[in-house]
Each structure stands twice: as C-alpha cells, then as structure tokens.
Amino acid sequence: MSCVSRSQSEDDVRAVVGTSGVCSPVNSEDVESQPLLAKGNVQRTPLPVFQLAILCLVRLAEPIAYTQIFPYVNAMVEELHVTDNPADIGFYSGLVDSLFAVAQLFTIFQWGRLSDRIGRRPVILTGLAGVAAGSLCFGLSTSFNQMLLGRAMAGALSGNVAVVSSIIGEITDKTNQAQAFPLTGAFWCIGAIIGPLIGGTLSHPAERYPELFGSYEILKDKPYFLACFVSSLFTLFSIAVAYFFLEETLPSKVLENKLKAAAKADLLRSPCASSYGTLTPTATQKARSRNLSIDTPPTCVDTPAPKSAKPSTLSLILDERIRNVLIAGFLLSFICVGFDTVFVLWAYTPVNLGGLARKPADIGYALSSTGFLGIVISLFTFQALHARFGTKRIYTGSMCIWPVIFALIPAFGWAANMLKDRQKEMLAVIWTGLVGISAMSRLAAMAFSANMMVVKSAAPNQESLGSTFGLAQSVACVARAAGPAFASSIFAVSVDKKLLGGNFVWVVMVLVALYGVSATRKVEERHE
C-alpha cells in the first residue's frame, strides 16, 4: 500500500508514513467533524500492530514491578524489624506502597515534557531502566530506608505511562484509536495478575524450594530478592525489545530523521557536493523542497514542521478545554482508588456493622475473577460501545455507573444483616454483592480509556502531546495519593461514630461520584 502525503509548501514538510507497511488510507481529520460523510462508510485505518505489541510489552513491565511486592511487603516489614508493634505493620507497608505514586507525582510531568524535546524512545528506555534498578534495590534491601529508596527510585524514574499514551496518540487516528487506547488498561490488568503471582510464588525460595535454591546464600539472606530479580529480568527484556524495534514517533524527530536520510541520499547521488561527508545547505534544501518519498523507516504520524510552538505549562493549565479534562481525570482517579479502598474495608467489615465479613482470600478471589472481566471489557466491550456511542457518551456513561455502585453497597450490607439468621440466603446475597459490585466497577473503569482519548484530543498540537499526557498523569497521581486516605478516614469515622447508621461514607462517595459525572459532561473534544 502506498502512502498518501498531503500538499507541501517549501517551509512546511508534512509526511504521512506508516509502521511495518501500515499507512493511513484516510485523512486523520476528525470523522465526527464531517457530517455529510456517514461514519459507516469511513475506512478504518489498520492498526500498527507490531508497534502496539511493543508498547503493550513496555506497559506490562510497570504493573508487574509495581504489584509483585504486594504479597510479601507486610512480611518484609516485619522481618526487617521496622516496628515492634504488629498493629503498625500496615502503616509502614502502606507507606512503602504509596511512595511509588508520590515519587511519580513529582517527575511524571517532567518526563512527558522531556519526551516532547528529545523524543519518546530515550524516555521510554530510561523509565524501564529505572523500574528495573528500583526493583533490584528493593529486593536487596536490608533496612526500611533502603526499601523506601528502591520504591522511590522506581516511581521517580517511571514516566512511561504518559509517554506510551503519547506514542499511541501519534500512531493512531480517529478511526482506530478506540481499538488502541484500551490496550494499556488491559495490559495493566494482566500485569496486576502476573505481579502478585511472581511475588507470592518466589518469596522465601530457599525455604520453599530447597532443592532448587537452598544452596544460594543470597536467597537465604535476602528472601525477596528472587521475586524482584525475575521482575527486573522481564523489564530488561522489554528494554531490549524497545531498543531494537520501537520507532521514534515525536513529529519533529521523525521529520529530522527524514531530512537527514533525504540529504544523505542526495549526497550519495552527488558525492562532489560535499567535503568529508558534511551535509551541505544545497543538499538539505533539496531534501526539504522535494516530496520525501524515500525509503525511510515509517511511523504512522502526520509530521508537522519542526518549529511548531510548544505551549508552556501555565498555558496548558489555563486552557479551559485542558482544565476541564484534568478536573474530570482527577475525579475519575480519586473515585476509583477511593472505591478500591472502601470496597475491601466494606467486604472485611462484620455483617452487623454493614459489611460482608469476608476473609482476605474471598476478597482476593472476587477481585481476581473480575480482573479477567476487566481485560475482556477493555479489549472488546469498549470498542463495540465506542463505535456506536462515541468517546464523550462512553466517558459520561461510565462515570454514571459509580454513583449507582456506591448506592448499592449499603443496600447489600443491609440485606446481608437482615438475613443473618438464614445462612444460605445471606451467603447468596454476600457473594452477589461481592462479585456484582466488583464487576460493575470493571465496567465503570471504561472511563479510563475514554479519558486517555479526550486527553489526546485536548492537546494543542502534537509537539505538546507528551506534556499534556504528563500533566494529566500528574493530576492522577495526586488523586491516587489522596483518595485512599480520604476514603478510609471517612469510612472509619462513619462506622465508629455510626453516622447515618454507618452509611455516611456512602453518602459522601455518591456525592463525589455525582460531581465526577458533572465534571465529565463539561469535557469537550478538540475537532481538527
């Protein structure tokens, strides 16, 4: 398939290129802005499958490294004698867990902005290397301070989520981005399943598998190193694949590389035009003036002139469209992490206090089973619904599920309490509530895929895509840091003081969720 390039002026070279032979058969202009053209007749641009596969591999590395500590972090804190009070272990392990998001908060925007300057590939590779190094340091820790250092290192150097989203935005268009953006959420779910399996299976290997690891002193002295090492090996594999096969997509870098290749090709045709291989102005001008149809490594990017203005951080925040997207994204992350916190607390709380009195194993089973549902929703359900309803309606509709969830939770708690003398009926209500509420949250999480699409749409231009995604992820980090503390505190006060019969927390969460719906309705997509 041949690529179709747009009209060019002498000062504005715009190339349309594709990855692995994939080119854009349709104009990347927003289909929704063409009312006379029926959406059903628009040809969908083929996905750049190979590049997306590499990005999914890159994305998978972070949740594996992030979640592999969950099964053993409490035991590690206890074995390092961080505290003599068992009741304080949860506090210190929570501090270790939250430090990743806190460290990421202060750096993720800068990584996104840096990728707008030096390119996507260098930032991706640096972030992966930081995750691997942080995991290894964590596994080698012999003190609580070293645990914090390793976790902070991994969080501070991990800005890949913003950059991966930027790359997806650059290699897709309006016709296929609904297929591409949900992949990051699906692979986060997959990584969140693999990570705990690694951590739980490979902790204390010398004791659990003496025939295999009993002779290794390092695994006896540092019983959690093997889990971290395996996680790092996967990250190193991701680095190798990205180094050799991931293509640069930053428009200015793509154009720069094409100009250099064109000038080099021109010099090969006229070797007398240069001295000692120096690119002459004549060669460069020829490269700029002609259609750059040389055989250069393609990327599915509409390439603008390299001197397009890059808005400042303040101008991004003052942009009303971006500000509305940031507010909606903050509330989405805040509601989601708040739900994750109160759902576990509610499921663990005794029935007479409005909970479900479930053991951790039961809660984990429910979350794992619906985790697979989340993957299916990300890969298939979102695309089908998006094709019919569009980004804005999916975003608003998904957010509307959250108030329903928070309203249903106390209803299931009340029903279980009413049936506590009838064991079978009570268990039926408990498991229906546990699995049903968790499944509804997976459906509501479609809002994250829609959110990434509106963030891309809100970016002023391609040169500021990394900065915009970085800013959105910074806001999300604030929500992830504040949400659990807010939700758990309200839950504790509500149950302890019996505010509204212990249901005050659900009233608050319903109100926050309704505010999230209102904020989402203000989000607008930028039509090109």
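The values are calculated or read from the model by the stated rules, or taken from the named source; none is laboratory data. Every value quoted in this text rests on a predicted model; they were computed, and no experiment measured them. Here the Cβ is made from the backbone with ideal geometry for all residues, glycine too, and neighbour counts use every protein chain on show. Just the protein is used for accessible areas: all its heavy atoms, side chains included, with ligands, DNA and RNA removed. Shrake-Rupley method; radii C 1.70, N 1.55, O 1.52, S 1.80 Å.
Numerical summary
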| read-out | value |
| --- | --- |
| FRET efficiency, 1/(1 + (r/R0)^6) with R0 45 Å, evaluated for Arg521 and Lys260 via beta carbons | 0.45 |
| Cα→Cβ-extended label distance, 7 Å offset, between Ile218 and Tyr243, nm | 2.0 nm |
| Solvent-accessible surface (1.4 angstrom probe) belonging to Thr126, in square angstrom, nearest 10 | 60 Å² |
| ³J(HN,Hα) computed for each position of the stretch 240-256 - Karplus, 6.51 cos²θ - 1.76 cosθ + 1.60, integer Hz, glycine/proline x | 4, 5, 5, 4, 8, 10, 6, 8, 6, 10, 4, x, 5, 6, 4, 5, 4 |
| Computed lengthening from Gln43 to Ser315, 0.36 nm per intervening residue step minus Cα-Cα distance | 94.3 nm |
| Label-to-label distance, nm, for residues given as Ala482 and Ala415 (7 Å Cα→Cβ offset) | 3.5 nm |
| Net lengthening on full extension, Ser489/Phe380 (0.36 nm per residue, minus Cα-Cα) | 35.6 nm |
| By average C-beta atoms within 10 angstrom, highest first, the peptides 441-450, 411-420 | 441-450, 411-420 |
| Burial ranking of peptide ranges 74-84, 162-172 (average Cβ count within 10 Å, highest at the top) | 162-172, 74-84 |
| Label-point separation in nm, Ser98 to Thr432, each point 7 Å along Cα→Cβ | 3.7 nm |
| Largest-first ordering by accessible area, 1.4 Å probe, given options Phe70, Phe339 | Phe70, Phe339 |
| Net charge over other residues, Cβ less than 11 angstrom from the Cβ of Arg121 (K, R count +1; D, E count -1) | 0 |
| Segments 492-498, 60-66 sorted - mean Cβ within 10 Å per residue, highest first | 60-66, 492-498 |
| Gain upon complete extension [Asp84, Gln146; 0.36 nm per residue less C-alpha separation] | 20.5 nm |
| Cross-link pairs Lys359/Lys392; Lys424/Lys498; Lys498/Lys522 - those with Cα-Cα distance over 30 Å | Lys359/Lys392; Lys498/Lys522 |
| For the stretch 111-139 and the stretch 442-475, distance of Cα centres in Å | 19 Å |
